[in-house]
Amino acid sequence: MNTYWGTAEAAWRWVLDQVHHDDGVWMPPSVGEELDLDDRDSMYRGVGGLAHVLAEIRLCRAWTDEEQHLADAIAEQIRAGIGTATDYMFFSGLVSAIGVLTALDAPGSGAAVARLLELSTPDGWAHEYFSPPRFVDGARALDLTLGTAGVLLAAVYAHRHGVERAEQLAAVAAEILLAEREETPTGLNWRMVPVRMAVVQREIPNFSHGLSGIATALALAGAEFARPDLVEAATAGAEHLVALGDTSDGGFRVQLRIPLLEDMERFSYGWCHGPTGTSLLWPALKRAGVAEVAGTPVMDWHSRGLHSIRVSGLPERRYPGFWDNDGRCCGTAGVGDRLLDAGEHTDFALHLADVVVERAIPDGSGVCWRFIEHKNDDPLLPAGLGWMQGAAGIAGFLFHAGRVAEGDTTAVPRMDTWWALR
C-alpha cells in the first residue's frame, strides 16, 4: 500500500473509532467538543461528511461490513430528518442531504427537493442567522453555502440524477437570483445578502459566500436547463469578477473581502475564499458554452487562478496566520484535491499530499491533524474529525492522491466539483 493510502487508512480508522451508534449515528466535531445537534448530520462537521469519504474509498477498495453499516445508518438518519427540516443550506441542511444521499447512491433526494420547494419564499429561504441587528427582518442569503445559489446548485445536481421536481426548484432559485442582481459598469454583481436586506454592507466575492459561487451556479443551471438568460447573467458576473481581480502575481486572485477589515489578509487561497474555489467558475462557464470573459479564454482564467495558488507560498507556514490549516475548506487538502481534479500541477498536488502525511500526528488507533489559530492564547486547536475541517476530509484527499500516484486519475464527482473534473 502506498504512503498516501496508508496514512488515509490510519486517519479514517481514527475517525471511525470516534463514531457512535447510540441514539442514532454521530461523532463529536473535534476531540473534547460536545455534540451540537445542529451539526450531527451535517456535511461540514457531522456524519454526513463521512459519505464523501466512503465515496472516495469505493474507488480504492470494497467497503468493509463496518463501512456498509455506517453508510446505511447515515442514509437512514438523513432521510428521517428531511420531512421536518428547516435548515436548507449547503453544509448542514437539505442541500447537504442531497449531496450526502447522492454520494451514497441512496434514495431520498426527491423528498429533499420537495421540502425545499415547500420552504421557499419569493425572496429565498429563511434562516435565523440573517436577522437584526446586522440584517433587516426577513433577510435572505444569495450565496452558495448559506443561500439561494446553493439551492440552485443542488437542483442542478438532483436533476442530473433524475430527481423529480428538480427543474421546478431550479426555476424558483434562478428567478430569485436574477431579481437580486446588481448592475455595475463592469457587469453584474451579487453579494452574500442583498444591499436592501443588510445593515452592514460587505462583499465576500469568492466561491463560498459571493459572486464566484453564484455565477457558477447560474452557469451550470443555464447549461442544464437550456436557459441562455442564466448563462448571460453568469458571464456578466464573471466579467465583474475579473474587474475585481488582481493579476500582480502572474495569475488571478480576488480579494478576500471588500472592504478589508483591519488586520485581515488581503488574499486567501483555499476553497472558501480563494482561487481554489473560484477556479470552479471557469469550467462551469465552459460547460455553458462561454468561450471568453474580458477577451480571455475562460480556461486561461482557470489556469491563472491555479498559478496564483502555486506561487502563493503555501503550504509553508510563512508567518502567523498564513497557511495554518491542512483541511479542505481553507487548507492544504482542499487545494490539493482541486488540483488533482483539474489535472493541472499534479506534481504540486502530490507535494501537498506529502506535506499532509508529514504533518500527521499519531493518536491511539490512527492519525489526526491539529490546525493553528494564531490569535488564540492557546493557538493549537483540537483535532477535528469532519469532512471540511478534520481528519475525514484529509483522508479523502489522501485516498485520491493514492489513486493518482498509482496512475488512476478517476475522481469522485461531488455536488461542488462534478463539472470541473479532468
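The values are calculated or read from the model by the stated rules, or taken from the named source; none is laboratory data. In this text, all values refer to a predicted model and were calculated from it rather than measured experimentally. With ideal geometry, Cβ positions are generated from the backbone for all residues, glycine too; neighbour counts draw on all protein chains shown. The accessibility values were calculated without ligands, DNA or RNA, using every heavy atom of the protein model including side chains. Shrake-Rupley method; radii C 1.70, N 1.55, O 1.52, S 1.80 Å.
Structure values in brief
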quantity: Filter result (in contact with a helix residue (DSSP H, G or I) (Cβ under 7 Å, 6 or more places away or on another chain), open to solvent by 10 Å² or more (accessible area, probe 1.4 Å) and either farther than 23 Å from Pro228 by Cβ or hydrophobic (A, V, I, L, M, F, W, C) (or both)) within region 272-290; calculated: Ala288, Val290
quantity: Counted residues, region 176-201 - those being without any contact (Cβ under 8 Å) to a residue 12 or more places away in the chain and surrounded by 14 or more Cβ atoms within 10 Å (Cβ to Cβ); calculated: 0
quantity: Hits in region 145-175 - residues which are of a type in the set (A, V, I, L, M), open to solvent by less than 10 Å² (accessible area, probe 1.4 Å) and closer than 23 Å to Asp105 by Cα; calculated: Val151, Leu152, Leu153, Ala154, Ala155, Val156, Ala158, Ala166, Leu169, Ala170
quantity: Members of region 345-370 found to be part of a loop (DSSP other than H, G, I, E, B), open to solvent by 20 Å² or more (accessible area, probe 1.4 Å) and modelled with pLDDT of 95 or more, listed by number; calculated: His345, Ala360, Arg370
quantity: Failed condition for Gly138, given (1) within 23 Å of the chain's Cα centre (by Cα); (2) part of a loop (DSSP other than H, G, I, E, B); (3) not β-branched (Val, Ile, Thr); calculated: (1)
quantity: Any hit, region 156-172, residues being modelled with pLDDT of 95 or more and either within 24 Å of Leu37 (Cα to Cα) or touching a Pro at 6+ places or on another chain (Cβ under 6 Å) (or both); calculated: no
quantity: Residue list for region 173-182, restricted to those being more than 22 Å from the chain's Cα centre (by Cα) and not charged (D, E, K, R); calculated: Leu178, Ala179
quantity: Failed condition for Ile204, given (1) open to solvent by 10 Å² or more (accessible area, probe 1.4 Å); (2) closer than 23 Å to His307 by Cβ; (3) in contact with a helix residue (DSSP H, G or I) (Cβ under 7 Å, 6 or more places away or on another chain); calculated: (3)
quantity: Glu118, sole failed condition from (1) at negative phi; (2) crowded, with 18+ Cβ neighbours inside 10 Å; calculated: (2)
